[in-house]
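Take a look at the structure set out below.
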Amino acid sequence: MGRGTVQVLLLLGLLHWGPGGEGRKNWRRRGQQPAATARERSEATGQPVESFPLDFTAVEGNMDSFMAQIKSLAQSLYPCSAQNLHHELRLHLLLNSSVTCNDGSPAGYYLKESKGSRRWLLFLEGGWYCFNRENCDTRYDTMRRLMSSKEWPITKTGTGILSSQPEENPHWWNANMVFIPYCSSDVWSGASSKSEKNEYAFMGALIIQEVVKELVGKGLSNAKVLLLAGSSAGGTGVLLNVDRVAEQLEEMGYQGIQVRGLADSGWFLDNKQYRRTDCIDTITCGPTEAIRRGIRYWNGIVPERCKLQFKEGEEWNCFFGYKIYPTLRCPVFVVQWLFDEAQLTVDNVHLTGQPVQEGQWLYIQNLGRELRNTLKDVTASFAPACLSHEIITRNHWTDIQVKGTSLPRALHCWDRSLHDSNKNGKAPLKGCPIHLIDSCPWPHCNPSCPTIRDQFTGQEMNVIQFLMHMGFDVQKMAQQQGLEPSKLLGMLSSGS
């Protein structure tokens, strides 16, 4: 029998023994009595049948090729459902037209249903914010899509963790996908409508509640897991809203839905700027002052448990991850670049392609140390030492690794750990890490970091070229570390 034939038979076997396969009813360890089938247990308990995604951990090294073969087989075996693998997310404007974008146009969401799946992924889009009439007017003139639904396309194609392609999204590709566009400019915290007094509505928190309410009628009521995810301002929005979503579903009578959070690039620090400037717009204004002003302008709301930790008028503290995280009830996975470009921007460290000054270089290194320190008590985290912003909806999100583990793999391990934690006496998963923080001290010292390009020539740079470009002094740094320059360069190349 040829190797190719063996591969096909193995793949067919996996499909046959996967969730829902009839062959599964006879699968048992030697000496065990035949267990009741999922369908028999369902009929006895009155509960719907639960299915779990196949675990392809053993072939993760060749995942792209393996998943491509699985998808090809699935399409040939199940032609009726093959089209769903390429199904786009479709726009639904909210039925409750009183919950709106900044300009009063109806808010909405994009949905791709996955019949049979009991996992739902709700994604909050990011895109900065505005905190007074002047910079909101400018935002409306230059970024209207982030303040109005009037020109939203009818469909969207999901990418990264929203992709329905298993080779791009190994563990969540078959979930029900919901993309919630950001059109409230309030870090998903506002609760004020447009009126004669208010030129703009800020209803981010209410938009999330209304979307959840509508989705209950579209199958969310049967969900096993709801993952509230978001990037940038959407990542901060996850921290502000994940417990509220759980409470909302409980109040509606759906206590069985496990609500979790995935915050990407929304874990900001309220640190001192490298060079202090007046608070004129979103770029020059320090993060603390911007949120102070914004929360008043938006009529922003924060979780009650976090609010109680601070004095009245200091609710702005809850917008910063390391302050709100200890108060959260829902499990949250934090994804954060150690050298986040948005954080550096609000800190007035502008990397324009010119070599950085020594003071800037020290500030950047210290930022990485501070951020790493705030994540030390976060149970589930993924923090690469890279200079970038946002990751989970990028096509290359599977490529980034920390200590040899990819982000999709870490999320899968977290998924399994949460599932197994409900089983008494279950030992922690071995070889399945969920606390992954780079220890190397410089931007892009991790060799799997996204590609950096020279701003002037457009050419790709490796880590040594990038650090040299930023003014990194190899001789001086090697001397400080007690190393030969060649040894230091070798360590940088390998990401040590």
The lone exception for Met252 - which of (1) out of contact with any Asp or Glu (no Cβ under 9 Å at 6 or more places or on another chain); (2) at pLDDT below 95; (3) of a type in the set (A, V, I, L, M) it fails: (2)
Need at least 1 residues that are surrounded by fewer than 19 Cβ atoms within 10 Å (Cβ to Cβ) and modelled with pLDDT of 95 or more per element, so show me which strands (runs of 3 or more DSSP E) inside the range 82-200 make the cut, counting only ones lying wholly within it. 89-93
Would you check if Asp420 is out of contact with any Cys (no Cβ under 9 Å at 6 or more places or on another chain), open to solvent by 30 Å² or more (accessible area, probe 1.4 Å), among the acidic types (Asp, Glu) and over 18 Å from Ile452 (Cα atoms)? no
So for the range 273-289 (the condition being within 18 Å of Asp186 (Cβ to Cβ), in a helix (DSSP H, G or I) and either among the hydroxyl-bearing types (Ser, Thr, Tyr) or touching an Asp or Glu at 6+ places or on another chain (Cβ under 6 Å) (or both)), does at least one residue qualify? yes
From the list Val245, Val238, Val225, Val216, which one is surrounded by 23 or more Cβ atoms within 10 Å (Cβ to Cβ) and not hydroxyl-bearing (Ser, Thr, Tyr)? Val238
Mind counting the residues in the range 228-242 that are more than 18 Å from Ile295 (Cβ to Cβ) and touching a Pro at 6+ places or on another chain (Cβ under 9 Å)? 1
Phe339 passes all but one of (1) open to solvent by 50 Å² or more (accessible area, probe 1.4 Å); (2) more than 30 Å from Glu247 (Cα to Cα); which number fails? (1)
Scan the range 366-398 for residues that are open to solvent by 10 Å² or more (accessible area, probe 1.4 Å) and farther than 21 Å from His412 by Cα and jot them down. Asn366, Arg369, Glu370, Arg372, Asn373, Thr374, Leu387, Ser388, His389
Search the range 225-249 for residues being touching an Asp or Glu at 6+ places or on another chain (Cβ under 6 Å) and not in a helix (DSSP H, G or I), and hand back the single one that is farthest from Thr159 (Cα to Cα). Ser232
Condition check: under 29 Å from Arg394 (Cβ atoms), acidic (Asp, Glu) and either in contact with a Phe, Trp or Tyr (Cβ under 8 Å, 6 or more places away or on another chain) or open to solvent by 20 Å² or more (accessible area, probe 1.4 Å) (or both). Does Asp270 satisfy that? yes
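The values are calculated or read from the model by the stated rules, or taken from the named source; none is laboratory data. A quick note: this is a predicted structure, and the numbers were derived from the prediction, not measured. Here Cβ is always computed from backbone atoms with ideal geometry, including for glycine, and neighbour counts include all displayed protein chains. In case anyone asks, the SASA skips ligands and DNA or RNA and just uses the protein heavy atoms, side chains included. Shrake-Rupley method; radii C 1.70, N 1.55, O 1.52, S 1.80 Å.
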